[in-house]
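To keep things clear, I will list the structure first and then write my remarks on it.
Bear in mind these aren't lab numbers, they're just calculated from the coordinates by the rules spelled out. Quantities reported herein were computed from a predicted structural model and do not represent experimental measurements. Note that we place each Cβ from the backbone using ideal geometry, even for glycine, and neighbour counts take in every protein chain shown.
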Amino acid sequence: MPKILFRFVKQAASLAQKRCAASPTAVVSDPAGNGFAGWKHLTLHFLRIHMDAAFEEIVDWASEMDRVRAVLQLARTEFPAPSTLWRSFQRVPTRVWRQLLARSAARCDPGEHGALDATFFDREAASSHYVDRSDRHIRTLKTTALVDTESCAVLDLHCSAHWPHDTQVGRRVALRNTDEIESLAGDKGYDDQSLRDTLRSEGVRPLIKHRLFAHYDHAHNARLDSELYGQRWMAESAFSAIKRRYGSAVGPSAWYRQFRELVLTAAVYNLEQAIKK
């Protein structure tokens, strides 16, 4: 097994074990108490995204890898059925994946400056039958990320099928991460004076350009720290890397599983960045 794959599995297992130890009541494994520990489920989901594999494939591959079995403490015949793994992904709420995302970002040793940006992921190819059957016609998911500009790690992620305005999403993402950053850059789409005021009250320096309605808007923009604001491109770079590595379309059919898959994908991206250091 390639060395980088084994390092990834160890990082993912460590992350999952710490998350499950911090909240033993989180429903990951079978609620009836059958099967194996929740952290093993989480590790296999990380590995599934890392190897771009289906549920059936990742069970077959992992069960044949000696060092993966050693990390998971499972014999070859003890691996779950693909349907069992699918159900565990169904049970884990998005908040757990967000917590794993935050822990994975910490492995990248992030700095103090963040940047907001949004992109779209295609859901039409993966779920056109589901969309038609459920009488829904949303073909893309709007995804907003808070990215650390020093390590290019994704600190937080927000997904929506309804394309809310950037100011609404930006406020939500920024305000739940004020303890992690000291400054925040965003383009004119996040222009909201109340957001700037709230960030300042939380000790975060806003670097958000004003839309140009009057002459003083030019003056406000001219006073921005151009060097810090210029690092906003790191958010675009993170999205570009994720799409090149994992694709620009989501696989699951239901929207809530698509959200979870995107958050998990960002966490896998963070771990891959961390093990490259």
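Measuring max minus min along each principal axis, the C-alpha atoms of region 137-202 give extents of 40, 28, 19 Å (largest first).
Of the GluC sites (Glu not before Pro) found in region 45-98, those in coil by DSSP whose Cβ has at most 14 other Cβ atoms within 10 Å are Glu64. Placing pseudo-labels 7 Å out from each Cα toward the beta carbon at Ala22 and Lys3 gives an inter-label distance of 3.0 nm. Cross-link pairs exceeding 23 Å between alpha carbons, from the set Lys3/Lys276; Lys142/Lys188; Lys40/Lys142; Lys3/Lys277: Lys40/Lys142. Phi-derived couplings, Karplus 6.51 cos²θ - 1.76 cosθ + 1.60 at θ = phi - 60°, listed residue by residue for region 49-57: 6, 4, 9, 6, 10, 7, 4, 5, 5 Hz, with x used for Gly and Pro. Under 5 Å from the amide H of Ala185 lie the amide H atoms of Gly114, Ala115, Leu116, Leu207, each residue being 5 or more positions distant or on a separate chain, with H modelled from the backbone and absent for Pro and chain starts.
A Förster radius of 22 Å, combined with the Cβ-Cβ distance separating Asp60 from Ser14, puts the computed FRET efficiency at roughly 0.35.
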